[in-house]
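Participant: If you scroll down you'll find the structure; I have some questions about it.
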Protein chains: 4
Amino acid sequence: MIIQLDKQCSQESYQRITQRVESIDYQFKRIQTQYGDYLVCIGKSEFDIRSIGALPGISDVHRVSDQYKLVSAKWKVGRTVIDLGDNVRIGGDEVVVMAGPCSIEGPDQIESSVKALLKCGIKIMRGGVYKPRSSPYSFRGIGLEGLKEFYKTCREHGIKIITEVMQSSQIEDMYPYVDVFQVGARNSQNFNLLDALGEVDKTVMIKRGISGSINELLQSAEYVFSGGNERIMLCERGIRTHETAYRNTLDLNAIPILKKKSHLPVISDPSHGIGIREFVVPMSLASVAAGADGIIVEAHERPHEALSDAAQTISHEDLEVLVGKVRALESALKN
Amino acid sequence: MIIQLDKQCSQESYQRITQRVESIDYQFKRIQTQYGDYLVCIGKSEFDIRSIGALPGISDVHRVSDQYKLVSAKWKVGRTVIDLGDNVRIGGDEVVVMAGPCSIEGPDQIESSVKALLKCGIKIMRGGVYKPRSSPYSFRGIGLEGLKEFYKTCREHGIKIITEVMQSSQIEDMYPYVDVFQVGARNSQNFNLLDALGEVDKTVMIKRGISGSINELLQSAEYVFSGGNERIMLCERGIRTHETAYRNTLDLNAIPILKKKSHLPVISDPSHGIGIREFVVPMSLASVAAGADGIIVEAHERPHEALSDAAQTISHEDLEVLVGKVRALESALKN
Amino acid sequence: MIIQLDKQCSQESYQRITQRVESIDYQFKRIQTQYGDYLVCIGKSEFDIRSIGALPGISDVHRVSDQYKLVSAKWKVGRTVIDLGDNVRIGGDEVVVMAGPCSIEGPDQIESSVKALLKCGIKIMRGGVYKPRSSPYSFRGIGLEGLKEFYKTCREHGIKIITEVMQSSQIEDMYPYVDVFQVGARNSQNFNLLDALGEVDKTVMIKRGISGSINELLQSAEYVFSGGNERIMLCERGIRTHETAYRNTLDLNAIPILKKKSHLPVISDPSHGIGIREFVVPMSLASVAAGADGIIVEAHERPHEALSDAAQTISHEDLEVLVGKVRALESALKN
Amino acid sequence: MIIQLDKQCSQESYQRITQRVESIDYQFKRIQTQYGDYLVCIGKSEFDIRSIGALPGISDVHRVSDQYKLVSAKWKVGRTVIDLGDNVRIGGDEVVVMAGPCSIEGPDQIESSVKALLKCGIKIMRGGVYKPRSSPYSFRGIGLEGLKEFYKTCREHGIKIITEVMQSSQIEDMYPYVDVFQVGARNSQNFNLLDALGEVDKTVMIKRGISGSINELLQSAEYVFSGGNERIMLCERGIRTHETAYRNTLDLNAIPILKKKSHLPVISDPSHGIGIREFVVPMSLASVAAGADGIIVEAHERPHEALSDAAQTISHEDLEVLVGKVRALESALKN
């Protein structure tokens, strides 16, 4: 059960509410976010929800039987729209395209990427400065200084930044330069990191684990929400299966299912989801047709020379074609 | 290596060709289909392909390093278009929609289905009369008499029939009443059945195995082609993964990859691919956006009462909506 | 519910029983096997089982809530022991080792295999004469004539034969020369084949599907039992997962679980289960420690030269070592 | 290539070595651990390894083509044996049994566990004080104070402690009370945590990821080793597959393969690997038969009341039976 508390819920009302919750043998946790004040209540006994809803200090109350609570679609009227400022919104009327290189390499590459994004009308740039790598001997990103460069150029052109954070100790340093903190697939159940991002007032995009379940992804999002941060997007990026003809199996079934189960925006990552350059465009279109609120795509001026994940990176020319097709598709589906 | 023989290749030329092939230590198999005469040659040594191509009796010759040969895109100019007659084509300019109930139940249901298909402009009806079932105690289909009913009504209205064949001994009886023989996921590597379908001059649609690889699906198709039958479509119907939020994981990555690897038409089965009624429409659209040549969908007048696979069967009303959206999408993608 | 009928159940008693079953809204199917006469009853209503058990003509009655019925451990007292004659038993006190080449190649190879088996005290020889192959261009086995040779040599030395049957039309020809019909992983849900083997009075070993579930394997066995044949063994042979360091993932969890769920003997196939020669011995031992009633192993005089599946075939010397270790393990576990 | 440097390798010799490495276009990284001084060299060109081995300052040099280097079996003579002091060794002659509750609950439970371990001759106790949980609302462990209690009681009785660390900021506080830091499956690719554990002079046990590959597990171990810490054990704990009859699929294939690929000790976790109490004993025995250097098992005085993972926790009585059988098996396999 989720109880939405009135903004002006008095201390006295609050106590009466929690006493009632305890009286039906439910445990509760108060969650205060940027936008609301909630009591998440967990228990098993039967009770009359109206007798709780009628208490003073409560704006609304809903049963939520899912293991995740605050990220469930069951209590929230309407879908979450995330506003990054400057008219950049995720989860609203328009499908959002985020693009950029796998790794930030340096000023020239940032410039060329920003230029390509502007040409396509893309307003959010991706790019890693901390890179999780299977091998300790691989390139691990250019770090905070790179992020500052990235930020400087993007801000000049009104472009928002999404980039991966790998551990909670990085958050503070990264904070001024980031619009969306990305949690990578390998950290999808790094609960300490999720806890820490719950305390931040910036948007978080959580990628599904390498073979994470849909339920686990939603529970990871619940960590962030219950930590106090409602600004969350979910990202499908492919799961690991037996098939070896491509890198991951992009699970587009997850798109309509996540949108049904949760009120959060759902993003698709076709670049990692198939891992082969020439198939990124069709899988982007398929993502949009399946109902994704946005896509995140790896692009580079000279894709074959990209410092990391070159195999799945598309060219800026293809990015432009992609955006054109996404817009055509979007408008066909609306009518 | 695939050698396409001239239709008038003389016995003498043929002998010279096979001697040359043997001289480079390749094994060969002659394949004669409805449409062509091929020598599939398998070996490892290096050789000058031009010296073979120049021999009399040969119309073309191509290296094909894949494990599958005749179904590979490497030797064939253009894509395979299957003509079922009466202007019904698969793999051509238009996305094909096939629809109908999971199981044929009887005359009334056939009538209502045909009526719904005609309303949507659908020209191929699906419906099982032999049903593979995990449990021996489940309904196994109404059999040949049901197929005859199915045929009678469809023919009256110019509708083509696709239905599952489960073993080679059924082929002869089913033959007069079937336009496309469907090989189910559980029979995807039933090599005796595939061999037998290679000898039939009717179209075959092979579903990918329950956790079949893309490579295995292509090799299963190779069985049919090398048996003498070029009229083959490939069907992605979802693979088995760890995820339990839906029935199967529809692997749309497979669509553009199969179209790249093979010249055969590629069909998507979103009904089995997600297994949940309310998500069949978005997954159909995603299939088309990914590049599928067609989709095959389970539909029923009263979906909740369908005799089998009720959970994934959509209503005739939703089918009509679906076809409308598919056409809109198709036209958006063409421009 | 499974009702075991008395051998002398009169027609009158039988009618009274089936009327009672119908009166509680259960559907029933009578199954007559080599060993018993059963009524498998399927339904959902509540009823007093004693009121049925008390009817004349019934020797015992049990509730079986599993989807599989006759192969369930819930109704049968004790485990199934299969007697192949000449003191060769499967599922009894001793772990059974079955061994031999992947494919039967010819008289010399049969001779050398039989000699190796006799040296180790192995009484069941495996060897394929019909080989399911992913590619139509691969070696498909030497067929019935090979089986006759195989049979002749084995019979001279008191060795029993297990070999794969690929389709129901082969059963009649193979019947005189086979002690155990093996159903391969790719045919694990070939329901027509399973139906046909239900009508045969010879032992059947069913391999789990390539990514078959435990529940599906048991239901496949139910096909054979409900067809009239109780002589069934189940075989774990590895499932398909994401891991590429070996051929299949031998799922030894399945061993104790199958033995709990079913009364049938459970065999492990470590050769296919790992697919790498040098690891077949440890995985054989692990299978026995997990509780397998037997193992089936590929062995060849010159393993590197074996005509098929050379990568997983062990030498006759290693087979001897293996059997010694299995016996040591067995005796350690008994004390 | 791994170059083992002499302990007295002079600065001059070192420079000559690195110049030679650079001259063949290899990149190198110097790794100094508790036990050795290594140059890990990565490159692609061909060269004469003897010309490098002959340089002063080098004790040995080996080609290692694997992606992981220092944890590979290719350069190290003999297997790694980890000495925890007081005659407790892992990877030596005796199979190590580690046992204890899933979560540390309090003094009484610690006492009863220690008593049970002493009775069985078990010298390493497991128990979580920081628990990774899918849901933010679940019990997350009793934390550092619990660890101190855990330590106090264990030290009194000469029992070593293995417990999970979830993030690098916990290491310093936990350090005095821990003998083996466990990295859980969800943190198997938490590279910052692995880096930090590389700087610690205590043993680390890394669990395979939820659907981690064998190669990834070895690369995660490479992080720790290349950070400066050679005291590493690898742990197979089951992978995620399609099968739902149990919690995870214990992948015993991984045991002999990890032992072949790496010189590190290999542990099996049958409790998580099957997740069902009654099957933990057979899967423990199977692990030992497959060649595991040790097993780690969840046990509790009243298993049904265990605060976490009750379903897979065995009783102290069963633990004693288990240890007896492991010893019997071990001795049977040695002879």
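The values are calculated or read from the model by the stated rules, or taken from the named source; none is laboratory data. Small disclaimer: the values here were computed from a predicted structure and weren't measured. Because the Cβ atoms are built from the backbone with ideal geometry, glycine has one as well, and the counts that use them run over all protein chains shown.
Participant: Is it true that C:D293 is among the charged types (D, E, K, R), under 16 Å from C:G100 (Cβ atoms) and modelled with pLDDT of 95 or more?
Facilitator: For C:D293, the condition - among the charged types (D, E, K, R), under 16 Å from C:G100 (Cβ atoms) and modelled with pLDDT of 95 or more - is not met.
Participant: Which condition from (1) touching a helix residue (DSSP H, G or I) at 6+ places or on another chain (Cβ under 8 Å); (2) free of Cβ contacts under 8 Å to residues at least 12 places away in the same chain is the one that A:I31 breaks?
Facilitator: It fails just one condition, (2).
Participant: May I ask you to list the residues in the range A:81-103 that are surrounded by fewer than 20 Cβ atoms within 10 Å (Cβ to Cβ) and either charged (D, E, K, R) or on the phi < 0 side of the Ramachandran plot (or both)?
Facilitator: A:V81, A:D83, A:L84, A:D86, A:V88, A:R89, A:G92, A:D93, A:E94
Participant: Something else about it: Kindly establish whether C:V165 is touching a residue at least 12 places away in the same chain (Cβ under 8 Å) and either more than 13 Å from C:G100 (Cβ to Cβ) or outside the structural domain of C:I90 (by TED's automatic domain parsing) (or both).
Facilitator: Criteria met by C:V165.
Participant: Looking at (1) out of contact with any Gly (no Cβ under 6 Å at 6 or more places or on another chain); (2) crowded, with 17+ Cβ neighbours inside 10 Å; (3) closer than 28 Å to C:G212 by Cα, find the lone condition where B:S138 falls short.
Facilitator: So B:S138 meets the others, but not (2).
Participant: Additional query: So how many residues does the range C:134-159 have that are among the hydrophobic types (A, V, I, L, M, F, W, C), outside any loop (DSSP other than H, G, I, E, B) and touching a residue at least 40 places away in the same chain (Cβ under 8 Å)?
Facilitator: Going through the range C:134-159 one residue at a time, the tally reaches 3.
Participant: Run down B:A306, B:A289, B:A311, B:A299 and say which single residue is touching a residue at least 12 places away in the same chain (Cβ under 8 Å), out of contact with any strand residue (DSSP E or B) (no Cβ under 9 Å at 6 or more places or on another chain) and either among the polar types (S, T, N, Q) or away from every other protein chain (no Cβ under 12 Å) (or both).
Facilitator: Every option except B:A311 fails the conditions.
Participant: Could you tell me which residue of the range B:182-200 is surrounded by the fewest Cβ atoms within 10 Å (Cβ to Cβ), considering only residues that are closer than 14 Å to B:G227 by Cα and charged (D, E, K, R)?
Facilitator: B:E199
Participant: Name the residues in the range B:34-59 that are more than 14 Å from every other protein chain (Cβ to nearest Cβ), in contact (Cβ under 8 Å) with a residue 40 or more places away in the chain and under 21 Å from B:K76 (Cβ atoms), would you?
Facilitator: B:Q34, B:Y35, B:G36, B:I49, B:I52, B:L55, B:G57, B:I58, B:S59
Participant: Pick from D:E236, D:E222, D:E216: which is crowded, with 23+ Cβ neighbours inside 10 Å and within 8 Å of another protein chain (Cβ to nearest Cβ)?
Facilitator: So the residue among D:E236, D:E222, D:E216 that is crowded, with 23+ Cβ neighbours inside 10 Å and within 8 Å of another protein chain (Cβ to nearest Cβ) is D:E222.
Participant: Does C:A185 fit the bill of being of a type outside the set (S, T, N, Q), at pLDDT 95 or above and under 30 Å from B:V64 (Cβ atoms)?
Facilitator: When the stated conditions are applied, C:A185 passes them.
Participant: Assuming B:P265 fulfils every condition listed in (1) under 21 Å from B:V180 (Cα atoms); (2) touching a helix residue (DSSP H, G or I) at 6+ places or on another chain (Cβ under 8 Å) apart from one, which condition is it?
Facilitator: Here B:P265 clears every test but (2).
Participant: Looking at (1) in a loop (DSSP other than H, G, I, E, B); (2) of a type outside the set (F, W, Y); (3) more than 26 Å from C:L250 (Cα to Cα), find the lone condition where C:E172 falls short.
Facilitator: Tallying (1) in a loop (DSSP other than H, G, I, E, B); (2) of a type outside the set (F, W, Y); (3) more than 26 Å from C:L250 (Cα to Cα), C:E172 fails exactly one: (1).
Participant: Looking only at residues that are facing chain A (nearest Cβ under 9 Å) and among the small types (G, A, S) in the range B:243-274, which one is surrounded by the fewest Cβ atoms within 10 Å (Cβ to Cβ)?
Facilitator: B:A245
Participant: Got a number for residues in the range C:1-20 being in a strand (DSSP E or B) and surrounded by fewer than 19 Cβ atoms within 10 Å (Cβ to Cβ)?
Facilitator: Summing the residues that are in a strand (DSSP E or B) and surrounded by fewer than 19 Cβ atoms within 10 Å (Cβ to Cβ) in the range C:1-20 gives 1.
A quick yes/no check of all residues on (1) closer than 30 Å to A:P303 by Cβ; (2) among the charged types (D, E, K, R):
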{"position": "A:I42", "(1), (2)": "no, no"}
{"position": "A:D48", "(1), (2)": "no, yes"}
{"position": "A:V61", "(1), (2)": "no, no"}
{"position": "A:A73", "(1), (2)": "no, no"}
{"position": "A:V81", "(1), (2)": "no, no"}
{"position": "A:L84", "(1), (2)": "yes, no"}
{"position": "A:I90", "(1), (2)": "yes, no"}
{"position": "A:G106", "(1), (2)": "yes, no"}
{"position": "A:K115", "(1), (2)": "yes, yes"}
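Participant: Next up: Look at A:I122 and say whether it is among the aliphatic types (A, V, I, L, M) and at pLDDT 95 or above.
Facilitator: Against the criterion (among the aliphatic types (A, V, I, L, M) and at pLDDT 95 or above), A:I122 qualifies.
Participant: Within the range A:104-133, how many residues turn out to be surrounded by 19 or more Cβ atoms within 10 Å (Cβ to Cβ), part of a loop (DSSP other than H, G, I, E, B), out of contact with any Cys (no Cβ under 9 Å at 6 or more places or on another chain) and not aromatic (F, W, Y)?
Facilitator: 5
Participant: Mind counting the residues in the range B:21-72 that are surrounded by fewer than 18 Cβ atoms within 10 Å (Cβ to Cβ), in a loop (DSSP other than H, G, I, E, B) and not hydroxyl-bearing (S, T, Y)?
Facilitator: So the count comes out to 15.
Participant: Of these, D:E94, D:E46, which one is modelled with pLDDT of 95 or more and out of contact with any Gly (no Cβ under 8 Å at 6 or more places or on another chain)?
Facilitator: D:E94
Participant: Could you tell me which of the residues A:I206, A:I210, A:I162 is buried (at least 19 other Cβ atoms within 10 Å of the Cβ), away from every other protein chain (no Cβ under 14 Å) and outside any helix (DSSP H, G or I)?
Facilitator: After ruling out the rest, the residue left standing is A:I162.
Participant: I've got another one for you. Could you grab me the full set of residues in the range A:303-321 that are under 17 Å from A:S138 (Cβ atoms) and surrounded by fewer than 17 Cβ atoms within 10 Å (Cβ to Cβ)?
Facilitator: A:E305, A:A310, A:A311
Participant: Quick check on the range A:186-200. Is at least one of its residues touching a residue at least 60 places away in the same chain (Cβ under 8 Å) and of a type outside the set (D, E)?
Facilitator: Among the residues of the range A:186-200, not one is touching a residue at least 60 places away in the same chain (Cβ under 8 Å) and of a type outside the set (D, E), which makes the answer no.
Participant: Consider A:V323 carefully, then state whether it is hydrophobic (A, V, I, L, M, F, W, C), more than 8 Å from every other protein chain (Cβ to nearest Cβ), in contact with a Cys (Cβ under 8 Å, 6 or more places away or on another chain) and within 21 Å of B:G238 (Cβ to Cβ).
Facilitator: Criteria not met by A:V323.
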